[in-house]
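Taking it in order: structure first as structure tokens, then the write-up.
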Amino acid sequence: MRFSNSIIRLPGILQSKLEQDARALLHPATGPKIDFTQPRGEGALLPPDSLTWRIFKNPISLLVGGIAAVILELAEPSVRTGVWEHSAFAQDPMRRLQRTGLAAMVTVYGARSIAEPMIARIVQMHAKVEGKTPGGVSYQANDPRLLNWVQATASFGFTEAYSRYVSPLVPQELDALYREGATASMLYGAPNSPRSYAELHALLASMRGRLEPSPIVLQFLNIMRTTPGFPKPLSWLQGMLVRAAVELVPAEIRACLGLTQQYGLRQAERRIIELTGSVADRVVLAESPAAQSCIRLGLPAHHLYAKQVIQPA
């Protein structure tokens, strides 16, 4: 394995704006405010030398991977109904995404004494979510079968986005990432979420016949393309980032959902996304959960950037 010590320093105004956006994530106007620097010295669910810590520091791949994960979630009728009917996604999508993003950051970087109670509260809230799909199928949000799918789609989205648009991951790294996700998956109630890349593809294959198209998928993509709320330095990229997410969805599922070529990246856009993802992986955001959590553990804020894992030579 070889490493890059190349850290990019942005012009002051742009760096300041990105830091401001990072603070906004950590300190939303409503909801809990998380201090990732506390308690001092307390570890997270995963150690700082894990691949997960290095991959989750990248805001571009997280955003793209998160959108791809939601596309896959919405393809499953029970998950789709639960998300759309029991959350504020359609009415206030950016606030919903902010809460989801913050929960993901706490799960990866937060101290155990903060992460475990937060996950327990989420599981408790999900216990109240139940109903029937438009097709008359009963569902319960804490059904392990549904949770396994949700956890798998998240792991797939974040991993594929990083590998596709930031730095290619080799098979051993892909397997390691799925193994690292096991601890959080168990806490969320998904005991059989994939533990390897092969298990992920076996799950995708098993979902044939259970996934279906829905106008809600297209509505979600339109919301992601048009709703103001993306960080201003990234607003010009908004449509491209959504199309990049569609590209991550396996071709067979894209066809099932009616996501034709017009929903994917244009010919010249892929390189722009790759360049943006690569740059984002080398810009230290001191206010980000990744940097703040390194400080909590007595490491320098740039720890995850100074030893950036890239493809083996």
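Here, each number is a calculation from the coordinates, and none is a lab measurement. In this text the structure is predicted, and so the values were computed from the model without any measurement. Here Cβ is always computed from backbone atoms with ideal geometry, including for glycine, and neighbour counts include all displayed protein chains.
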Seminar exercise, completed: Taking only the alpha carbons of region 50-120, the radius of gyration and the largest Cα-Cα distance, Dmax, both in angstrom, are 13.4, 36
For this session: Sort K17, K57 so that the residue with the fewest other Cβ atoms within 10 Å of its own Cβ comes first and the one with the most comes last.
Result: K17, K57
Exercise. Of the listed peptides 96-108, 189-201, what is their order by residue-averaged count of other C-beta atoms within 10 Å, with the highest listed first?
Worked result: 96-108, 189-201
Seminar exercise, completed: Per 10 angstrom bin, beginning at 0 and ending with the bin that holds the maximum distance, the Cα pairs of the chain fall in percents of 6, 27, 38, 24, 5, 0
Seminar exercise, completed: Taking I253, I273, I55, I119 and counting other beta carbon atoms within 10 angstrom, the fewest-first order is I253, I119, I273, I55
For this session: Quick one: pull the percentage of alpha-carbon pairs in region 222-286 with a separation above 13 Å.
Result: 68
For this session: Fewest Cβ neighbours within 10 Å first, please rank W236, W149, W84 accordingly.
Result: W236, W84, W149
Exercise. Hey, how many Å between the Cα centroid of region 213-288 and the Cα centroid of region 86-120?
Worked result: 21
Problem set entry | Lysine pair count for the chain [Cα-Cα under 21 Å; pairs on different chains or 8 or more apart] | 6
For this session: Assign unit charges at the C-beta atoms only (+1 for Lys and Arg, -1 for Asp and Glu), then state the dipole size of the chain relative to its Cα centre in Debye, rounded to the nearest 20.
Result: 480
